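Taking it in order: structure first as structure tokens, then the write-up.
Every read-out reported here was derived from the displayed coordinates using simple, explicitly stated rules and does not represent laboratory data. Keep in mind that this is a model prediction, so the values were computed, not measured. As a convention, Cβ positions derive from the backbone with ideal geometry for all residues, glycine included, and neighbour counts pool all protein chains shown.
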Amino acid sequence: MEPLVAAILVGVPLAWLVGFAAYVFVDAPRHGMNRRKWTAIAFFVPLFGFLAYVFERGELDYDPDDDPYAGGGDQREAGFAVHESRRGEKPLGP
């Protein structure tokens, strides 16, 4: 077998495994999960381990107090909010 073909057939899947494991290693603490355990699962159980991590992790909670666009006001309560950089522009609609 050609060395280039062998490098591609081995290197590309290995790069994907390392990429999935690196993502899990960085993302797991944000969701309160064990970083080392889920990285090992994502690396040693190809594709299924990464998908198990994605489906097992919890959703990040939404906190309206931290959202800069959830402030009160007449326009926000009506379902329409304008970013600060767009204030003062002429509206497109009627």
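Suppose we keep just the alpha-carbon trace of segment 1-68; what are its Rg and Dmax in angstrom?
Calculated on Cα positions, Rg and Dmax stand at 16.1, 60 Å.
Grab the beta carbon distance between Asp61 and Arg36, set R0 = 30 Å, and tell me the FRET efficiency rounded to 0.05.
0.80
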